[in-house]
Amino acid sequence: MSDQAIQPVEVTPPGEDPKKGTRGKIWQALLVPALAVLTGLLIGAIAILAVGENPLEAYGALFAGSFGTPDRFIEGFQTYFASGDTSKLLRAIYPITESLVATTPYIFAALSVALGFRCGLFNIGAEGQVLMGALCSAYIGYSITGLPAFVHLPLAILAGAAGGAVWGMIPGYLKARFGAHEVVNTIMMNWIAFKLSDWLLKGPMQASGSRPVTPNVEATAELPRFFPDPLRLNWGFVLALAVAWLVYWFLFKTTLGFEIRSVGASPDAAKYAGMNVTRNFVLVMAIAGGLAGLAGTAQVLGVDHWVGQGFSSGYGFDSIALALLGKSHPFGVVLSALLFGFLRSGATRMQSMAGIPIDIISIIQGLIVIFIAAPAIIRWIYRIRAIPVSDEAMRTRGWGG
Amino acid sequence: MNTATHEIETIAFRRTRSTYGLVLLGFGLFIFLVFGLNTPAGVFTTFGTNLAGSQAITISDLVVPSQATIFAMAAIAAFFGAFQLARGIRSTGWLAGVIAITFIVSFLTWAAADKSFNLTGMLSSSLVRATPIALAALCGVISERSAVINIGIEGIMLLSAQVAVVTATVIGNSYLGLVCAILFGGLVAAFHAWLVIRFKVDQVVSGVAINIVGAGVTAFISSRFLAANINGLNNAAVFPTISIPLLSQIPILGPVLFENNIIVFLTILLVLALHILLFYTPWGLRTRAVGEHPKAADTLGVNVFFVRYVNVILGGMIAGLGGAYFTIGSVGRFDEMMTAGKGFIGLAAMIFGKWNPLGAYTSSMIFGFADSLQVKLQILRTPIPSEFLLMAPYLITMLVLTGVIGRAIPPAADGQPYEKQ
């Protein structure tokens, strides 16, 4: 607490950077996140040890739960080559497909938050946007009948994106027009979405029966699955990858994307360069909301086929963690979403096999966020030289006003 | 120059004056059409004024003719609207107050027409439900006045709630559990302060991380330990209701204000204490200076980092008290995610209350009122779904942020790390 509490951040002089070129850059960009994940897992192991379980056993179960076990694969291939029977093979790949199923909404939701970060906006309302997207696509999915799939499915997907986009655009507009901070407004929009869905699920959108859930969507609105039941991997995953590429293209290859990144880097500079800062706020929040809406859409049309209460719980914070971990870069976001998809999906097995509550993943996740946000800690632990300041984690800007 | 600014001000004032006037007139019409015409004539609304089991002197219930009351409220709103159009009232707080009071009174009269509605009971439960929100808001006020945003209040409250109930159950004394919760809240906040001051971690990101870890740790401990041993770990005595002698016998006010448990009393005391501390003591002056212009404060010899550490930790202790409310202050056991977003609503109340302890408490009361109203309305079975009423506080917060009902301006340096030169 003395005056020496803060040491000046060390910056490597440009001429002395040992690792030049793209490979060095990628290495630098991946180093801190990789070490953050490693440190998070190590502390998670300590927590597992502290509750009297074997961390190796637990992480083994985690691995088996997310990737499957080698002997199942061998057995599956043997049966397949011996008799052409794919059932054993499908059982072997089941864990991997489930992990990819869990990854799909994470990619969309984290892209949403990452896009906001790129424009200097903190979209903490992914949870509400996911829910609105899910409700809208479910509504189009079950209420319209008799359409062919090639019309119905895109319509339902667009409805989901639109629902999320509206929910994101409102805070964006309020920020642009009145300077109202998007963190508070997206939180408020979350609550409004929860209450609205409570009402919809108990009234206008309730399926017959007493449970507060929507009816199942029509088969024509479902995202087709790759494998027979119970494997749930569907085109939603491919869509997520495609959208991630689109966001990358939009951010880094278009004029609008350049404007957005300029606004994020320095709103004042962007304003002096003649860019319309407020329009970008509205636009980015609308697109971000739409992306989050697609997360709900992919889950509803591809996996669940209906919406119930608490549908989107957890996506809000998870997506923030993932966007930070992916350094707000669409490809980084896909990698981090894969990591957490596999972790979450494997944790279910870890819970049943090793008796470790699934919530350990949240702890690891939170720790990773801290380490990513404070690269100084990671550098301090592993004695790494400081990287240039421009690569630091994102900064928010107070409450606005 | 001076006359020009004056003129601009007058024009702006005239414009808001006519806007507010029309809004109020429209509001009066709204009350008349929606509530007034939907209430049958000759029906009475009974407002209960006595609370079962309280020590207050029993008085007779308030019985009013439903339709006449609603018409009166519509007339009041319309009168103020017309007055505003003709003359203009400079205080927007007044106008918001007129809107709020006429709306609430006419709404309740309409909802409880031909029925009985316990007013005292609802005020009492509003105050109780406002308590955790107010504590979260006070935590926000105290740390943001020194320019440190703490969005991790939810996580701190969740952790403290669990610490409170576990220590209270194991030790067998709820007051010790309360102390542990407060200390633990301070500890988590100290970690937040360390991250944002020492490592200059983005304050919002650090808060989000605390929320994630808080949710994870409490859920982990809950499903691993508490679920298996409820009686040994998760079953504490709830604080008894304390009745202040004499004062608790006042009708209406007595049961609402003077018959509560220790956390509610502590909250009221804290609000007053923080108000005095912030605005009438050297510590408060230093805090506000650090929050508005840290460099100037530093130049004048205030230790910016020290003030921030102290305020954030104090805030965490207040949030710890708020966490204890959820378990040993109300139900005596811990459930996963039991804070249910109250920390975030507290932040909204803080902004709504313009970073003032008294304002934050008043806005928390609005959220608490809406919360308890929802429960009562489910009993009364009104045609409006309760979910829509529950949205009201969030909508109001968003309106406040747009500056329609007065502008909320945060401390100037809020959220910025300080770099000593």
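The values are calculated or read from the model by the stated rules, or taken from the named source; none is laboratory data. Since we're looking at a predicted model, the values are computed, not measured. Neighbour counts are summed over all protein chains in view; Cβ atoms, including those assigned to glycine, are modelled from backbone coordinates with ideal geometry.
Out of the residues in segment A:142-172 meeting the condition of being closer than 19 Å to A:L200 by Cα and in contact with a Pro (Cβ under 9 Å, 6 or more places away or on another chain), tell me which one is surrounded by the fewest Cβ atoms within 10 Å (Cβ to Cβ).
A:S143
Table: residues versus (1) at pLDDT below 80; (2) touching a helix residue (DSSP H, G or I) at 6+ places or on another chain (Cβ under 9 Å); (3) more than 14 Å from chain B (Cβ to nearest Cβ); (4) under 26 Å from A:F108 (Cα atoms).
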{"site": "A:L324", "(1), (2), (3), (4)": "no, yes, no, yes"}
{"site": "A:L335", "(1), (2), (3), (4)": "no, yes, yes, yes"}
{"site": "A:Q351", "(1), (2), (3), (4)": "no, yes, no, no"}
{"site": "A:I356", "(1), (2), (3), (4)": "no, yes, no, no"}
{"site": "A:I361", "(1), (2), (3), (4)": "no, yes, no, yes"}
{"site": "A:I368", "(1), (2), (3), (4)": "no, yes, no, yes"}
{"site": "A:P375", "(1), (2), (3), (4)": "yes, yes, no, yes"}
{"site": "A:I384", "(1), (2), (3), (4)": "yes, yes, yes, no"}
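In the set B:F103, B:F117, B:F107, which member is closer than 28 Å to B:G28 by Cα, of a type in the set (A, V, I, L, M, F, W, C), more than 17 Å from the chain's Cα centre (by Cα) and not in a helix (DSSP H, G or I)? Write out each step before concluding.
Numbers: B:F103 fails: not in a helix (DSSP H, G or I); B:F107 fails: not in a helix (DSSP H, G or I).
After applying the criteria, what remains is B:F117.
Looking at B:I210, B:I197, B:I221, can you tell me which residue is out of contact with any Gly (no Cβ under 9 Å at 6 or more places or on another chain), under 20 Å from B:F334 (Cβ atoms) and either assigned to a loop (DSSP other than H, G, I, E, B) or within 9 Å of another protein chain (Cβ to nearest Cβ) (or both)?
Details: B:I210 fails: out of contact with any Gly (no Cβ under 9 Å at 6 or more places or on another chain); B:I197 fails: under 20 Å from B:F334 (Cβ atoms).
Only one candidate passes the filter, namely B:I221.
Given the residues B:V179, B:V188, which is the only one that is buried (at least 24 other Cβ atoms within 10 Å of the Cβ) and either under 28 Å from the mean Cα position of the chain (by Cα) or under 25 Å from A:F317 (Cβ atoms) (or both)?
Values: B:V179 fails: buried (at least 24 other Cβ atoms within 10 Å of the Cβ).
Result of the check over B:V179, B:V188: B:V188.
Which of the following residues is within 22 Å of A:Q206 (Cα to Cα), at pLDDT below 85 and surrounded by fewer than 20 Cβ atoms within 10 Å (Cβ to Cβ): A:G310, A:G314? Step through it out loud before you land on a result.
Numbers: A:G314 fails: within 22 Å of A:Q206 (Cα to Cα).
So the residue among A:G310, A:G314 that is within 22 Å of A:Q206 (Cα to Cα), at pLDDT below 85 and surrounded by fewer than 20 Cβ atoms within 10 Å (Cβ to Cβ) is A:G310.
Filter segment B:140-199 for residues that are aromatic (F, W, Y) and closer than 18 Å to A:A373 by Cα; which is modelled with the lowest pLDDT?
Here is the first cut: in segment B:140-199, the residues aromatic (F, W, Y) are B:175, B:184, B:191, B:194, B:199.
Retained after the next criterion (residues that are closer than 18 Å to A:A373 by Cα): B:191, B:194, B:199.
On the way: B:F191: 92, B:W194: 91, B:F199: 83.
It comes out as B:F199.
Can you pull out every residue in segment B:386-415 that is at pLDDT 75 or above, surrounded by fewer than 17 Cβ atoms within 10 Å (Cβ to Cβ) and facing chain A (nearest Cβ under 8 Å)?
B:F388, B:L395
Output the residue which, of all residues in segment A:217-265 that are over 28 Å from A:L115 (Cα atoms) and β-branched (V, I, T), is surrounded by the most Cβ atoms within 10 Å (Cβ to Cβ).
This residue is A:V217.
From the list A:G257, A:G264, A:G289, A:G236, pick out the single residue that is in a helix (DSSP H, G or I), within 14 Å of chain B (Cβ to nearest Cβ), closer than 20 Å to A:F331 by Cα and out of contact with any Asp or Glu (no Cβ under 6 Å at 6 or more places or on another chain).
Working: A:G257 fails: within 14 Å of chain B (Cβ to nearest Cβ); A:G289 fails: within 14 Å of chain B (Cβ to nearest Cβ); A:G236 fails: within 14 Å of chain B (Cβ to nearest Cβ).
Of the residues listed, the single one that is in a helix (DSSP H, G or I), within 14 Å of chain B (Cβ to nearest Cβ), closer than 20 Å to A:F331 by Cα and out of contact with any Asp or Glu (no Cβ under 6 Å at 6 or more places or on another chain) is A:G264.
Can you report the number of residues in segment A:323-365 which are of a type in the set (D, E, K, R) and part of a loop (DSSP other than H, G, I, E, B)? Quick ask: steps written out before the conclusion?
Within segment A:323-365, the first condition is being of a type in the set (D, E, K, R), and the residues that meet it are A:327, A:344, A:349, A:359.
When the remaining residues are screened for being part of a loop (DSSP other than H, G, I, E, B), the result is A:327, A:359.
Summing the residues that are of a type in the set (D, E, K, R) and part of a loop (DSSP other than H, G, I, E, B) in segment A:323-365 gives 2.
Can you tell which of B:S116, B:S174, B:S160, B:S124 is in contact with a strand residue (DSSP E or B) (Cβ under 7 Å, 6 or more places away or on another chain) and away from chain A (no Cβ under 14 Å)?
Numbers: B:S174 fails: in contact with a strand residue (DSSP E or B) (Cβ under 7 Å, 6 or more places away or on another chain); B:S160 fails: in contact with a strand residue (DSSP E or B) (Cβ under 7 Å, 6 or more places away or on another chain); B:S124 fails: in contact with a strand residue (DSSP E or B) (Cβ under 7 Å, 6 or more places away or on another chain).
That would be B:S116, the only listed residue that is in contact with a strand residue (DSSP E or B) (Cβ under 7 Å, 6 or more places away or on another chain) and away from chain A (no Cβ under 14 Å).
Listed here are the residues, each with its yes/no results for (1) in the same structural domain as B:L183 (by TED's automatic domain parsing); (2) at pLDDT 90 or above; (3) under 16 Å from the mean Cα position of the chain (by Cα); (4) surrounded by fewer than 21 Cβ atoms within 10 Å (Cβ to Cβ).
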site: B:N261; (1), (2), (3), (4): yes, no, no, yes
site: B:L266; (1), (2), (3), (4): yes, yes, yes, no
site: B:L269; (1), (2), (3), (4): yes, yes, yes, yes
site: B:H275; (1), (2), (3), (4): yes, yes, yes, yes
site: B:T287; (1), (2), (3), (4): yes, yes, no, no
site: B:A297; (1), (2), (3), (4): yes, no, no, no
site: B:G329; (1), (2), (3), (4): yes, no, no, no
site: B:K342; (1), (2), (3), (4): yes, no, yes, no
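Which number in (1) outside any helix (DSSP H, G or I); (2) within 14 Å of another protein chain (Cβ to nearest Cβ); (3) under 23 Å from the mean Cα position of the chain (by Cα) marks the one condition that A:Q206 misses?
(3)
Go through the residues of segment B:133-151 one by one and say whether even a single one is closer than 22 Å to A:A47 by Cα, in contact (Cβ under 8 Å) with a residue 12 or more places away in the chain and more than 8 Å from every other protein chain (Cβ to nearest Cβ). So that I can check it myself, show each step before the final result.
Taking segment B:133-151 and keeping what is closer than 22 Å to A:A47 by Cα, we get none.
The answer is no, given that none of the residues of segment B:133-151 is closer than 22 Å to A:A47 by Cα, in contact (Cβ under 8 Å) with a residue 12 or more places away in the chain and more than 8 Å from every other protein chain (Cβ to nearest Cβ).
Which of the following residues is under 30 Å from A:G314 (Cβ atoms) and free of Cβ contacts under 8 Å to residues at least 24 places away in the same chain: B:F265, B:F225, B:F258?
On the way: B:F265 fails: under 30 Å from A:G314 (Cβ atoms); B:F258 fails: under 30 Å from A:G314 (Cβ atoms).
The unique qualifying residue is B:F225.
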